[in-house]
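*Asks:* Have a look at this one.
The values are calculated or read from the model by the stated rules, or taken from the named source; none is laboratory data. The structure displayed is predicted, hence computed values, not measured ones. Every residue, glycine among them, receives a Cβ derived from its backbone with ideal geometry; neighbour counts consider all protein chains shown.
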Amino acid sequence: MNIISFIPDFSFSISGEFILISILFIYIIYIQLQLAKKNNLLKSFYDKIDKPESKLNKNDIIQFLENLKNPEYSGAVTKDKLLDKKIRDFLFENDENQKLFLHYTASEKVANTILKEGFKFVNSFYKTAEYIYNDELYLVHRHHEHKQYGHYVIVICISKDTYNHYSDELNKHKAKNTAVEQILIETPPYTDENGDEIYIFPKQFIKGYFDYTDGAIIENPEFNFNYHSEVFNKNMEKLKNKIF
């Protein structure tokens with residue numbers, strides 16, 4: 001009687017252990033696949049670094065490696081249209097002559113307003129706009145950091161000649177607390193209800209926007225990355241008068 005009652009318990013024990021071992025085996029395979037994926041990402045990253053024309057710097061490397069600590073980070077844009085040829089062409093047309101920035105928003109209405117009225121930013125342009133250059137891995141890396149803010153991506157382009165000119169002027173006059181983007185405005189900054197200083201970047205620098213989920217591109221008919229206003233020079237003169 002004792003032997004008969006023992007047999008079912010023994011069978012259940014073996015069955016439970018088998019299930020547990022199977023689960024552990026599947027988990028080990030999953031971990032191995034994740035490690036293999038991240039090894040491939042690292043190899044791709046190192047290949048980029050080894051290229052003489054690579055623009056990746058130390059900070060890019062550190063941020064990328066930090067992201068790899070996140071188990072959910074894949075480093076690839078699987079469902080996004082970011083790397084589609086038409087979007088890449090839209091982003092990096094005249095790449096050698098312009099500086100490129102991206103801003104993410106969840107509202108198509110906001111995106112269209114920016115095209116018509118210009119890009120508003122609070123104090124620092126770089127809090128909401130991300131500098132981008134023509135490197136696929138760098139682009140994907142930055143995209144993964146900002147895509148949660150919305151799937152409409154504003155594309156902002158400024159002539160390198162214009163940007164560098166005012167950057168040199170600011171450095172010459174040691175205006176460390178002023179950014180180039182604060183000079184490239186046509187209307188004076190204003191203070192909002194929160195006490196923040198609001199700047200408006202001209203709409204001519206807004207190339208358009210795209211939806212990275214479906215690849216749709218909306219272009220700004222008034223876009224001109226070489227746009228220059230005499231107001232920019234006046235802003236620079238006002239700043240010089242404050243300094244001296």
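*Asks:* Of the residues Ile158, Ile185, Ile200, which is within 29 Å of Glu108 (Cβ to Cβ), touching a strand residue (DSSP E or B) at 6+ places or on another chain (Cβ under 6 Å) and either outside the structural domain of Glu93 (by TED's automatic domain parsing) or not in a strand (DSSP E or B) (or both)?
*Replies:* Unique residue meeting the criteria: Ile185.
*Asks:* Considering segment 223-244 alone, what residues qualify as being surrounded by 13 or more Cβ atoms within 10 Å (Cβ to Cβ), free of Cβ contacts under 8 Å to residues at least 60 places away in the same chain and not hydroxyl-bearing (Ser, Thr, Tyr)?
*Replies:* Result: Asn224, Val231, Asn233, Asn235.
*Asks:* Go through segment 120-142 and count every residue that is part of a helix (DSSP H, G or I) and either aromatic (Phe, Trp, Tyr) or modelled with pLDDT of 90 or more (or both).
*Replies:* Of the residues in segment 120-142, 3 are part of a helix (DSSP H, G or I) and either aromatic (Phe, Trp, Tyr) or modelled with pLDDT of 90 or more (or both).
*Asks:* Can you go through His146, His165 and tell me which one is farther than 19 Å from Val110 by Cβ and either surrounded by 13 or more Cβ atoms within 10 Å (Cβ to Cβ) or within 23 Å of the chain's Cα centre (by Cα) (or both)?
*Replies:* Answer to the selection: His165.
*Asks:* Right, something else. Assess whether Lys207 counts as being in contact (Cβ under 8 Å) with a residue 40 or more places away in the chain and among the charged types (D, E, K, R).
*Replies:* Yes.
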